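The values are calculated or read from the model by the stated rules, or taken from the named source; none is laboratory data. Bear in mind that the values here come from a model prediction, so they are computed numbers and not experimental data. Here the Cβ positions follow ideal geometry from the backbone for every residue, glycine too, while neighbour counts run over all protein chains shown. Each accessible area value is taken on the protein alone, full model and side chains, heavy atoms only, with ligands, DNA and RNA left out. Shrake-Rupley method; radii C 1.70, N 1.55, O 1.52, S 1.80 Å.
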Amino acid sequence: MQYEAIEPLNKSTAGEMLLSGDEEKIVYGLLGAVEGDTDWRWVQDQCLRFVNDPREAVARVAIQCLGHIARVERKLDLDKVLPVLDACMSHENPAIRGVAEDAKSDIDIFCR
């Protein structure tokens, strides 16, 4: 696996990528939105849209991005996010559970 720099994206560009239906574009759209857009609520809501995506890569990145918002912005709508992460922590897929636990840990550290 090789590190790739994530290009910060504005809401318009990220939004187009998220609507594409293409797994790779959605992943890069979420990551780019977290890096680029300053409207943390919009980015949070986009992440929440994809948390339960059947494609593991999309779901994992969406959950990871919630943790990233917590670290960078030090705020999230906890009433929306925490129940979703709690549900992810009981997911049958251990990869989803693990990333949800990491995101919740970030929230506990940076948003409380």
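Here is how the numbers come out for the structure above:
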{"item": "Candidates Ala57, Ala70 - the one that is within 14 Å of the chain's Cα centre (by Cα), surrounded by 19 or more Cβ atoms within 10 Å (Cβ to Cβ) and either aliphatic (A, V, I, L, M) or at positive phi (or both)", "result": "Ala70"}
{"item": "Residue check for Leu76: in contact with a Cys (Cβ under 8 Å, 6 or more places away or on another chain), part of a loop (DSSP other than H, G, I, E, B) and modelled with pLDDT of 95 or more", "result": "yes"}
{"item": "Tabulated pairs, the stretch 45-74, first touching a residue at least 12 places away in the same chain (Cβ under 8 Å) and closer than 17 Å to Glu35 by Cβ, second among the acidic types (Asp, Glu) and open to solvent by less than 50 Å² (accessible area, probe 1.4 Å), C-beta under 7 angstrom, 6+ apart or interchain", "result": "Ala62/Asp53; Gly67/Asp106; Ala70/Asp106; Arg71/Asp106"}
{"item": "Positions within the stretch 9-59 being closer than 19 Å to Leu76 by Cβ and among the basic types (Lys, Arg), in sequence order", "result": "Lys11, Arg41, Arg49"}
{"item": "Flag for Leu18 being of a type outside the set (D, E, K, R) and either in contact with a Phe, Trp or Tyr (Cβ under 8 Å, 6 or more places away or on another chain) or at positive phi (or both)", "result": "yes"}
{"item": "Top-ranked residue of the stretch 14-54 - restricted to ones that are aromatic (Phe, Trp, Tyr) and closer than 23 Å to Asn93 by Cα, ranked as most open to solvent (accessible area, probe 1.4 Å)", "result": "Tyr28"}
{"item": "All positions within the stretch 86-112 that are over 23 Å from Thr38 (Cβ atoms), free of Cβ contacts under 8 Å to residues at least 40 places away in the same chain, assigned to a helix (DSSP H, G or I) and hydrophobic (A, V, I, L, M, F, W, C)", "result": "Ala87, Cys88, Ala95, Val99, Ala100"}
